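Accompanying notes for the structure given below.
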Amino acid sequence: MDVLVLLFAIPLAGGAFLWAWGERDSAPEVNCLFSFATLCVAAWLTAMVVEDGPILGFYEQFFVDPLNVFLVALTAFVGFTTSLFSRPYMRTERDKGRMTAPRLRLYHSMYQVFMFTMLLALTTNNMGILWVAMEAATLATVLLVSVYRTAAALEAAWKYFILCGVGIAQALFGTILLYFAAERVLGREGNALLWTHLDLVKGQLQPAILSLAFVFLLVGYGTKVGLVPLHNWLPDAHAEGPTPISAVLSGLLLNVALYSVIRCKVLTDGALGSRFAGNMMMGFGLLSVVVAAFFLSRQRDIKRMFAYSSIEHMGLMTFAFGMGGPIANFAGLLHMTVHSLVKSAIFFAVGHAAQKAGTQVMEDIRGLLKVNPRIGWGLMLGTLAILGMPPFGVFASEFLILTTAMREQPWATPVLLTALGVAFAAIFRRVQPMVFGETTAKRLPHPPALIPVFAHLGIVLLLGVYVPPYLADWYRAAARLIGGQ
Amino acid sequence: MSPLGIQLVNLFAATLLLIAFAMLSQRRIVALINLFALQGLALAASTATVAWVTGQQHLYYSAGITFALKVVALPYILHRLIRRLNVKWDIETLLNIPTLMLVGIALVIFAFNLAIPISEFSRSMARGTLGIALACVLLSFLMMITRSKAVPQVIGFLAMENGLFFAATSATYGMPMVVELGIALDVLVGMVILGVFLFQIREQFDSLDIRHLETLKED
């Protein structure tokens, strides 16, 4: 209970403090400090949930179970490492004149507010507050995407705002329908939107209403997950915003949106007793994987390319959760973890590489290994990891998803394999000359933060070789909560 | 439940839908903002009526919030914004209003069809209201698609939220208070951010035409 207070208070206080602290030189360090404090509290919370089981707090308004606590831990961890990365990155941007002091102040303050909204979305028990937090997450990031104030950045942010705003409005309609169904069973006492209560009575919810509600919720939150055909905002926002924001968007926000969809799916499955929700998710997921894979090879901007790779991987997870069942859910959760670690690590490396080359156009980035071997190896290993090469964790989760698909949905396997193959060819062909090859680039003014890159890749490597038993139990418990089949 | 109350709610619902159509075809930005304020007023009135008919105390508060936010605050911010942006007397060229109206009617029919199976479960007062709410959402969506200026797009976005709010009050007698407050806060913050954003766009492009914002594409 006290832990929950701290979990929200720290990032919120961080946002306010960094706004007040303003344009001082130490703001990046303060940002790291707050992120580290959040990480400590998240670790404490995780330990509590692992020891004593699910926690309910504040008149049941907050709920932490194995499913969301693992995402809380992941969010806090990547939030902290990204703040470490953003320290030298933003300083370099400032030296280059792309960032000014007032904009840096906005950046640091909003970074903490963004962390707060994600933690709120993850731990709230109220489906209405979940919506509010998701919308707030959009609002917190829209000014971050446009922070460079270039024509392209403004366009990307406008698109992000309007598309996600419209999308998430659909989710609100879905939430209203959900409440409409729930108050017939639970009454109008204010707990009819509480997930724990809904979960208990999900078998009595009116199927016709719930199926329509799920369509709206999937379209709404699916826009934020970046599912095709609702993905248009995603590559632009990733490419035009500052790289630390690309890292947290890809690594964290998409996960949180997918988490919302999963919560809704559990309720819909219970009410309908059919595979309706799962089938819809499989359809959207498969479409995303295929479309993103084919768009990958046409990209010239490195951040855009990895944004499409995020769409592909989110599609794969959506497909896995759509299949349902203990193994697919386990694989989906594992993939969520490794994808967010690897993808943020890649964005860290890409950020430094692009700063070094002075461009995001892939043809102009060459010979990273020559100028800075560590950035080069970080990018290369990250790329190999995201492409599903053993022994990294992505291989393990993709392998599990594919083998389950072979058993449960054989028709989908060739499609998935083809898409993964196309993605491999597209990305590897581009990254290889960037890492090797000749260059004339100069050193960066601030030493790049490469510890986060290798820390993330190390964890993913570990998860690929050996998942510790307590972690496996935890994933299994979360997978059981999602159910399906 | 008093028949008068039900009739009143139906009347306000019809007003909302009519205003949605009026906004769809309105070309002047000032008039558009006034229509938006009027829609907010109809929404607040219908919420208050539902509160009176059902005796739900918290709906009075929510009617109050709606009034403060959508009749007073947002139109005020919008008026100020267009004055400072110097787009007060802008007229937008809308192609083919009759076709737009016909598409709108098709959307209304679609919305009613979608809402029929759900309205059957409705023990609340007015059965058509959920369909009307969905129709308002879709019409605002259509408005956003057809506009090429930033401010009308924003108004379309806010009008969409009106439709959603109407769905919440008429079908379910309002969401829990904490959720409503959260939504209101989001809308307000969103509006402020949009305002900041409009200035940034104008500074960059010297215009508020969204057609400038169509360069990021897959080739």
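The values are calculated or read from the model by the stated rules, or taken from the named source; none is laboratory data. Keep in mind that this is a model prediction, so the values were computed, not measured. Neighbour counts are summed over all protein chains in view; Cβ atoms, including those assigned to glycine, are modelled from backbone coordinates with ideal geometry.
Brief remarks on what is shown
- Which listed residue, of A:T123, A:T138, A:T175, is touching a Cys at 6+ places or on another chain (Cβ under 7 Å), in contact (Cβ under 8 Å) with a residue 12 or more places away in the chain and crowded, with 24+ Cβ neighbours inside 10 Å: A:T138
- Taken together, the criteria exclude B:F166 from residues that are facing chain A (nearest Cβ under 9 Å), of a type in the set (A, V, I, L, M, F, W, C) and part of a helix (DSSP H, G or I).
- Matching residues in the stretch B:196-219 - criterion: being assigned to a loop (DSSP other than H, G, I, E, B), surrounded by 13 or more Cβ atoms within 10 Å (Cβ to Cβ) and free of Cβ contacts under 8 Å to residues at least 24 places away in the same chain: B:S207, B:L216
- Just one of the listed residues (A:Y221, A:Y179) is more than 24 Å from the chain's Cα centre (by Cα), part of a helix (DSSP H, G or I) and closer than 19 Å to B:V137 by Cβ, and it is A:Y179.
- Residue pairs meeting the criteria (Cβ under 7 Å; at least 6 apart or on separate chains; first acidic (D, E), in the stretch A:19-37; second surrounded by 21 or more Cβ atoms within 10 Å (Cβ to Cβ)): A:E23/A:L104
- Among the candidates A:M99, A:M134, A:M90, A:M110, the residue that is within 12 Å of chain B (Cβ to nearest Cβ) and farther than 16 Å from A:L254 by Cβ is uniquely A:M110.
- Flag for A:F348 being away from chain B (no Cβ under 14 Å), among the aromatic types (F, W, Y), farther than 18 Å from A:R430 by Cα and in a helix (DSSP H, G or I): no
- Sole residue being more than 14 Å from chain B (Cβ to nearest Cβ), under 25 Å from A:V431 (Cα atoms) and either of a type in the set (D, E, K, R) or part of a helix (DSSP H, G or I) (or both), chosen from A:L258, A:L267, A:L234, A:L249: A:L249
- Cβ-Cβ contacts under 8 Å between residues 6 or more apart (or on different chains), taken from a first residue in the stretch B:62-73 that is crowded, with 22+ Cβ neighbours inside 10 Å to a second residue that is not in a helix (DSSP H, G or I), are listed as B:S62/B:G174.
- Taken as a whole, the condition of being in contact with a Leu (Cβ under 6 Å, 6 or more places away or on another chain), within 7 Å of chain A (Cβ to nearest Cβ) and in a helix (DSSP H, G or I) does not apply to B:G182.
- Of the residues A:G251, A:G226, A:G222, the single one that is on the phi > 0 side of the Ramachandran plot and in contact with a helix residue (DSSP H, G or I) (Cβ under 7 Å, 6 or more places away or on another chain) is A:G226.
- Within the stretch B:74-103, considering residues that are modelled with pLDDT under 85 and closer than 30 Å to B:A184 by Cβ, the one surrounded by the fewest Cβ atoms within 10 Å (Cβ to Cβ): B:N86
- Residues that are surrounded by fewer than 21 Cβ atoms within 10 Å (Cβ to Cβ) and of a type in the set (S, T, N, Q) number at least 3 in the following helices (runs of 4 or more DSSP H) confined to the stretch A:389-482: A:412-435.
- Failed condition for A:G167, given (1) in contact with a Gly (Cβ under 9 Å, 6 or more places away or on another chain); (2) in a helix (DSSP H, G or I); (3) farther than 24 Å from B:T172 by Cβ: (3)
- The stretch B:26-40: number of residues that are part of a helix (DSSP H, G or I) and within 13 Å of B:Q153 (Cα to Cα): 4
- Failed item in (1) of a type in the set (G, A, S); (2) more than 15 Å from A:A213 (Cα to Cα); (3) touching a residue at least 60 places away in the same chain (Cβ under 8 Å); (4) surrounded by fewer than 23 Cβ atoms within 10 Å (Cβ to Cβ), with A:G283 passing the rest: (3)
- When B:L188 is tested against (1) modelled with pLDDT under 80; (2) surrounded by fewer than 17 Cβ atoms within 10 Å (Cβ to Cβ), just one condition goes unmet, and that condition is (1).
- Among residues of the stretch A:47-99 being in a helix (DSSP H, G or I) and among the polar types (S, T, N, Q), the one that is nearest to the chain's Cα centre (by Cα) is A:T75.
- The condition (being part of a helix (DSSP H, G or I), facing another protein chain (nearest Cβ under 9 Å) and without any contact (Cβ under 8 Å) to a residue 24 or more places away in the chain) is satisfied by just one residue among B:I145, B:I193: B:I193.
Quick grid of which residues meet (1) aliphatic (A, V, I, L, M); (2) within 21 Å of A:F392 (Cβ to Cβ):
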{"residue": "A:E408", "(1), (2)": "no, no"}
{"residue": "A:V415", "(1), (2)": "yes, no"}
{"residue": "A:T418", "(1), (2)": "no, no"}
{"residue": "A:V431", "(1), (2)": "yes, yes"}
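- Number of residues in the stretch A:182-193 that are assigned to a helix (DSSP H, G or I) and either more than 8 Å from chain B (Cβ to nearest Cβ) or modelled with pLDDT of 90 or more (or both) equals 3.
- Here A:V361 passes the criteria (1) under 28 Å from A:A419 (Cβ atoms); (2) surrounded by 20 or more Cβ atoms within 10 Å (Cβ to Cβ) except the one numbered (2).
- Reported count of residues in the stretch A:54-76, each being more than 18 Å from A:A257 (Cα to Cα) and touching a residue at least 12 places away in the same chain (Cβ under 8 Å), is 7.
- Count - residues of the stretch A:194-208 that are touching a strand residue (DSSP E or B) at 6+ places or on another chain (Cβ under 8 Å) and either aromatic (F, W, Y) or assigned to a helix (DSSP H, G or I) (or both): 2
- Extreme residue, farthest from A:F62 (Cα to Cα), among residues of the stretch A:158-181 that are of a type in the set (G, A, S) and within 7 Å of chain B (Cβ to nearest Cβ): A:G165
- When the stretch A:143-155 is filtered for residues that are part of a helix (DSSP H, G or I) and out of contact with any Leu (no Cβ under 9 Å at 6 or more places or on another chain), only A:A153 remains.
- Residue satisfying all of: in the stretch B:169-179; at the interface with chain A (Cβ under 8 Å from one of its Cβ atoms) and in contact (Cβ under 8 Å) with a residue 60 or more places away in the chain; surrounded by the fewest Cβ atoms within 10 Å (Cβ to Cβ) among these: B:M177
- Scanning the stretch A:53-78 for residues that are aromatic (F, W, Y) and more than 16 Å from A:P11 (Cβ to Cβ) yields A:F58, A:Y59, A:F63, A:F70.
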